[in-house]
Amino acid sequence: MEVVIASSPVDAGIGCWDLHSGAEQLRYRSCTSTPHGLACVGQRFLVSSQLRDSSSSSGTILYWSWNKPQVEVKSFPAEPIHPLISNSDGTYIIGGGSSGAIYFWEVASGRLLKRWHAHYRAATCLFLSDDESLLVSGAEDGCIRVWSLFMVFDDIGMEMAKHPYEYSFSEHTLRVTDVVSGYGGCNAIIVSASEDRTCKVWSLSRGKLLRSIDFPSIIDAVALDPGEHVFYAGARDGKIYIAALNAESTPSNIYGKHIIGSLSDNSKGVTCLAFSMDGILLVSGSEDGTIRVWDAKTRNIVRIFRLAKGPINNVLVVRRPLYSNFQTSANSHASLSRRHVPLLPPPLSKYVNSTDEIVDSGAITVPQTPSSDIMDAPYLSSHVLTKQISELQQQSSAATGMEVDRLKLDCKRSLEMVQKWKEMFADLHKFCVDELLGNDQTQTQ
Amino acid sequence: MAVFEHFQNLYDIRLKPRLLRSLIRDRVPDEKHPFSKPSELSIVVSAVKNHGLLSESSREAVDPKHMENWKSSIDAWIERLLLLVSSKMPDKCWAGICLLGLTCQECSSDRFLASYSVWFQKLLAQIQPPSDSHFVKVASCASLADLFTRLSGFSNIKKDVTSHAGKLIQPVLKLLTDDSSGAVWEGAVDLLCSIINFFPSSVHRHYESVEAAIVSKIMSGKCDSNISKKFVHCLALLPRSKGDEDSWSLMLQKILISINVDLNDAFQGLEEETKSNEVIKHLVPPGKEPPPPLGGNKMQGETSNQATEMSEQLILHRISMLMLCCCRMLTNPYPAQVIVPVRPLLVLVGRVLMVDGSLSQSLLPFLTVMQREFICSELPLLHLCGLDLLTGIIKRVRSQLLPHAADVVRLLTEYFRRCALPALRVKVYSILRILLISMGVGMAQYLAQEVVSNALVDLDSIAHGCGEASSTPCSKAASEGLLLPSYRKRKHGTITGFSEEQQGGVGTEMEAVKGKPITPIAVQTAALQALEALLTVGGALRSECWRQNVDLLLITVATNASNGGWANEEKDIFLLSDEPTSTRTDFQLAALRALLASLLSPARVRPPYLSQGLELFRRGKQETGTKVAEFCAHALLALEVLMHPRALPLVNFPSGDHPDFGQGFNCKFPKNIFSSGLKNNSPFPRGILGKDEIEPESNDDELYSSWLGNDEETEASASIPDKHLESRQELSEKDGRLSTEDHQAEKHPSDLPAGAQFPKEGDRGATDAAHMETGGIKDSIMAQSERVQEIIPNNDVRLQDKDVMVPTGDLTANVVEPNKGKIESSGSDSSKATPALSSEINNKVLMAAADANALPSDQGSLLTTSIVIEKGKKLVLEYNSDASKDSFPDIVDGEPDSD
């Protein structure tokens, strides 16, 4: 089931709707998310970093499982975390702190595997490249950096390298509001948006700026068309601009160079965008508390969901596994959740723990159902049969053993037979003798 | 009688009982007659399987009478089998058991469910003491395994079956401990595996005893390697019977400790003593009790007694088997969440791989020469196991390898540098490949240098064609003499060029074979595959330093592999035994695959060997019916996109554009004249060029359709007279003018209010007009010519040219340089004609164009838009429907809604 989930900086909970039917699902309570601070971890549960009043020094990260509205796990990292993402396996959660540090947690154990200083100012957005080996981070000072996760974990390599990041882009002059990266591994492009009213397109393979597009308004959200023909930019003036990547564009249409159109619903500012799996439905969240689903092909609104009065700052489209569906009977559901859905992992730890370095270091793997085994389980007996037949024909020892047994039994039976015949012969003989003798006697009589 | 009934054909259901009855009559033994020909049974088996004689089902509805008949014949069959199973004659009993196993597999579900417990009892009796024939026991085990395999499909009777299976464990263990025949062990362990697989909970109660029995078999080293592997497999499955995290972890921990202990014995004197503590330190946290030894305490006692007399051979056997077991445990799916102790596993692998038989300084005197010789002879096998284990770890932990990736890479690269044996190198290459594919770009950056330098060495013998190499001896094993001619020939071919065929290669390869190391074909194949993976994953990022070399290497190797190659493939099959033939095909395939990767992997310029590559694939495709041909067809398909790159819009995107423009019209008429008139603007690369004057970009392409559109327009223009021709030309020329406009636009603040752009655009229209005369003729020339280099005379032309060229996807530096020049010059001579004039011309032309041919491209559709400017919206719709832009009306309807 493909669902839209959305959260808000005011406490309106996390809304969840079936994208295709429009039916609202469970609403998860008490969430005041930061921008880019909502993620779904490996389709298993939701996680969100929370806005806190500035007085408390630590941040808050909350977990919700799919089928319970209450917060299930609370973690308190060392500082407020703003953006939050998870890899597609759901093994790691990466968060960007207000000091500019990036935190890297292992989900299953909650251990903080790594924390490193990525930026001079608070991190505002994070994105994993499509092979999940590179991390792109944007910060308040307009800096965008590309990190190789391998490098981050390779202390030795890190020391030898000139700088810990792969690239550092500083062309944006103000706060970076969103970063997305496209398809194509090392040849992908990165699109970033900033409060300086530009979106910039970068080449990952070259580490250079390819294009800078000026927008009439500040862009807060960027979504790439899955075909990377265009990208969509949600602006504070309430429009979603369509900007050209591979598409042709007129340099001078009403909005500006490279901008070839817009989606508009006279709404308040667009704060977040997400594409559905089919790449046609574009979901946007707005300051006015509504979520609009657009058909990118016809540019019409297909659906509107309403979360709250306040603004929305996160929208995701995720595939929600069916087993957590409530329609399943209570019984099978219980057994399923016991077997396949482990309880939520422990909270994320605050510090990198160096003392148990030696003992730890286990990778926790998710359970796998050996279902395929049954399907391709081979039947043995015909193999064994053919093998044994060939053995028999080659007169191997085991075969001879059986032959001997057989012969013994044959022999025994033959002996019995002989015995029988003997007896019969004796009987007959006796009978004949008796007969003859009897005759003689009668004759003689 | 039913037997005499007629049947229609092969598929007639009436045939089945007939066949079955005659089988029972003629081929299946019975009590009375001696059973002379066991081979008859295989005929029975194949007849039953092929015709589905026991299936009791038919695809179409059948007369119940026939079904009844069939049913009764099967009843007779089973009756006979049960009779045979109880027979005192072992051979008949054996035949009955085998056929009963077949019946378990083949009969209908209803029948199976009704009678499986009877069959189970019958078979169970056969593996217990009174029977003593090995044959019977093995066959019973196999039939029982089949019985449980079939039962696993019925979930509703699980409880019942589990209790049945539970009864079986003791007798099976007895078979393992008491019997001495390898065949019986094999049968028993197979049965045990099926039970653990399908009904794990039945083994639960016997967990320890099963573990002890299996471990003792593995440790004894008495069985041959095949059966040992089955035991190992069974041991790896065993934790599944409990199905919880602890038993899995405990088992792995015990095995690792056991391996470690054995390694201490094996590597005495070959490594620092501290090594063993390192693994233990990771395995057993300080202050915690170590787990009981593998196989229980009794086992420990036994082994320690034996330890003194244990041969080196046995130790190494045990180590390799236990490592295999670890590997199996890692790769088999497990129903619960488990913690994989990555660090200890890696330390263990590292420990094994780092021993190379050299003596550690401090411990010199402990080792006799004999011992060392033996260890060295067995080390490759051990390394192979270590590498397998490493593969298992990587496969299991997937993305969670990340924190350890650097360690793995360092371990591998260090090992790779020293590793010289072919089998090991193949394995290392395959691990590198897995790492590259699974971990993506980041890993590619780490591994690139290593993969490339090693592959260069390994492929040197075939790749290094000319100069020294042609005089230096070819490096082929004598055993591969048959393969040599073609390679040899290829070498010379490379030097002179790809087209040139060398004669007399056969003579040259007999040259001396000394000097260079021999690289077996399997290693070369593996090296090619690793290169392919590298190019696939990380061909573009920081690849400048090796990319050129690799591209050259791959085209050379592929050409070489093909030259003498696939024409002779058929011949090879007859000449050589199967194996070398297959590796030869593999090699060719690997070479072609790597070549394709090198052509497709992103680059800034046209792949230098594109045409040679295409030629190779075209030739390969002609090898009808081979894998090579299949792959070549695939490669040509993939390369087609390289020739004609397409940036495909979302369905009907161009027309989807219209409502926007159309809407614009309604309120802001004048602007749109220009925006539509100037429509064909600024695809990605231009923007880039305009932006920061960096080197040419090739990662983006002109729209294929715009290329087509350009062409078509040009043709159309030829048919339009005079003024129309000129202005028409202007339109097509706009393609070329793009960068100019980009450039201009750059100079204006681009976030001007929309209205402010009017004059600027007017200028642009004028620019176009000003250039139209010159552009006119050149353009048509351009459209015809395909090569950049041919057209240099005119600036305008070159711009046009670029449009033509870009779609081929190989914008080279020298093509673009001139373009930049052009941008400046045309920028300066813009704004000569008046905007009004140009727009008028423009529109007329557009009309003409639309009349002449409904252009299929989006350019065409945009043309129609500008017509709208004059004719009104109605006309737009008309034109658009003409041009069959289906979705257009929809969108027009849709827009007001969304407003």
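The values are calculated or read from the model by the stated rules, or taken from the named source; none is laboratory data. The shown structure was predicted, so the numbers you read here are calculated from the model rather than taken from an experiment. No Cβ is skipped: glycine too gets one built from the backbone with ideal geometry, and neighbour counts run over all protein chains shown. Ligands, DNA and RNA are excluded from the accessible area calculation, which covers all protein heavy atoms including side chains. Shrake-Rupley method; radii C 1.70, N 1.55, O 1.52, S 1.80 Å.
Note that the stretch B:191-208 has calculated 3J(HN,Hα) couplings of 4, 4, 4, 4, 5, 5, 5, 9, 10, x, 5, 5, 8, 3, 5, 9, 3, 5 Hz, one per residue in order, obtained from phi through the Karplus relation 6.51 cos²θ - 1.76 cosθ + 1.60 (θ = phi - 60°); glycine and proline are x. Note on B:L314 and B:L552: the extension gain reaches 80.8 nm, defined as 0.36 nm multiplied by sequence separation minus the Cα-Cα distance. Against the criterion of solvent-accessible heavy-atom surface with a 1.4 angstrom probe, A:F76, A:F127 sort, most first, into A:F76, A:F127.
Using a 1.4 angstrom probe with every protein chain in place, what is the largest-first accessible-area order of B:F154, A:F425?
Sorted by accessible area, descending: A:F425, B:F154.
In the full protein context, the stretch A:1-101 carries 31 Å² of accessible surface per residue, based on a 1.4 Å probe and ignoring ligands, DNA and RNA. For B:C545 and B:K395, the difference between the fully extended length at 0.36 nm per residue and the C-alpha to C-alpha distance is 50.9 nm.
Computed from label points 7 Å out along Cα-Cβ, the spacing between B:K32 and A:I304 is 9.1 nm. Amide H contacts of A:E166: A:V146, A:W147, A:S148, each under 5 Å away and 5 or more positions distant or on a separate chain (H built 1.01 Å from N in the peptide plane; Pro and chain starts excluded).
Modelled label positions at A:Q43 and A:K268, each set 7 Å beyond Cα in the direction of Cβ, lie 3.5 nm from each other. With the whole protein complex present, B:M321 retains an accessible surface near 20 Å², based on a 1.4 Å probe. Across the stretch B:96-104, computed HN-Hα scalar couplings (Karplus, 6.51 cos²θ - 1.76 cosθ + 1.60, θ = phi - 60°) run x, 5, 4, 5, 5, x, 4, 5, 3 Hz from first to last residue, x flagging Gly and Pro.
Averaged over the residues of B:177-184, the number of partner chain Cβ atoms lying within 10 Å of the residue Cβ comes to 1. Taking the chain by itself as reference, the stretch B:431-455 contains these residues with an accessible-area loss of 40 Å² or more in the full protein complex (1.4 Å probe, heavy atoms): B:V441, B:G442, B:Y446. For B:V261, the accessible surface of its heavy atoms amounts to roughly 80 Å² (probe 1.4 Å, protein chains only, rounded to the nearest 10). Does the stretch A:2-319 come out rounded, prolate or oblate, given a ≥ b ≥ c as the square roots of the eigenvalues of its C-alpha gyration tensor, rounded meaning a/c under 1.5 and, failing that, prolate meaning a/b above b/c? Oblate, because a/c is 1.5 or more while a/b does not exceed b/c. Highest mean packing first, where packing is the average number of other Cβ atoms within 10 Å per residue, the peptides A:37-46, B:119-128, B:20-29 line up as A:37-46, B:119-128, B:20-29.
The A:H117 and B:S155 beta-carbon pair, evaluated with R₀ = 41 Å, returns a calculated FRET efficiency of approximately 0.15. Between rounded, prolate and oblate, where does the stretch B:1-132 land on the alpha carbon gyration tensor, with a ≥ b ≥ c its root eigenvalues, rounded for a/c under 1.5, else prolate if a/b exceeds b/c? Prolate, since a/c reaches 1.5 and a/b exceeds b/c.
If you take the Cα centroid of the stretch A:1-58 and the Cα centroid of the stretch B:181-207, the two points sit 49 Å apart.
Placing pseudo-labels 7 Å out from each Cα toward the beta carbon at B:N277 and B:Y207 gives an inter-label distance of 3.4 nm. Among the residues of A:212-218, the average count of other protein chain beta-carbon atoms within 10 Å of the residue beta-carbon is 3.
Around the amide H of A:V73, modelled in the peptide plane, lie the amide H atoms of A:Y63, all under 5 Å away and 5 or more residues distant in sequence or on another chain. The A-B contact accounts for roughly 9800 square angstrom of buried accessible surface, both chains included, probe 1.4 angstrom. These residues, A:H163, A:H383, B:H634, A:H229, go from largest to smallest accessible area, 1.4 Å probe, as A:H383, B:H634, A:H163, A:H229.
Shielding by partners for peptide A:291-299, expressed as the average number of C-beta atoms from other protein chains within 10 Å of each residue's C-beta, is 4.
Think of it as helices only: each DSSP H run of n ≥ 4 in chain A is worth -39500 (n - 2.57), and spread over all residues that comes to -6500 deg cm²/dmol at 222 nm. Label 7 Å along Cα→Cβ of B:S58; the stretch B:103-123 residues with amide nitrogen under 19 Å? Once the point is set 7 Å along Cα→Cβ of B:S58, B:107-111 turn out to lie under 19 Å by backbone N, inside the stretch B:103-123. Counting only protein heavy atoms and a probe of 1.4 Å, the accessible surface of chain A is 55% carbon and sulfur. Stretched out straight at 0.36 nm per residue, the stretch from B:D75 to B:T368 would grow longer than its current Cα-Cα span by 98.5 nm. Relative protection proxy for A:188-194, A:266-272, B:277-283, from highest mean packing down: A:188-194, A:266-272, B:277-283 (other beta-carbon atoms within 10 angstrom). Scanning residues 5 or more positions from A:A188 or on other chains, those with amide H under 5 Å from its amide H are A:L204, A:S205, with H placed 1.01 Å from N in the peptide plane. Measuring with a 1.4 angstrom probe and ignoring ligands and nucleic acids, B:C376 comes out at about 60 Å² accessible.
Structural descriptor for chain A: relative contact order 12 percent, calculated from alpha carbon pairs under 8 angstrom and at least 6 residues apart.
Given the peptides B:44-57, A:143-156, arrange them by the average over their residues of other C-beta atoms within 10 Å, most packed first.
A:143-156, B:44-57
I need to check one value: relative contact order of the stretch B:1-77, counting alpha carbon pairs closer than 8 Å and at least 6 residues apart, in percent.
That works out to 41 percent.
Dipole magnitude for the stretch A:383-423: about 120 debye, using +1 per Lys or Arg Cβ and -1 per Asp or Glu Cβ, origin at the Cα centre.
For the stretch A:383-423, the per residue solvent-accessible surface stands at 73 Å², with DNA, RNA and ligands left out and a 1.4 Å probe.
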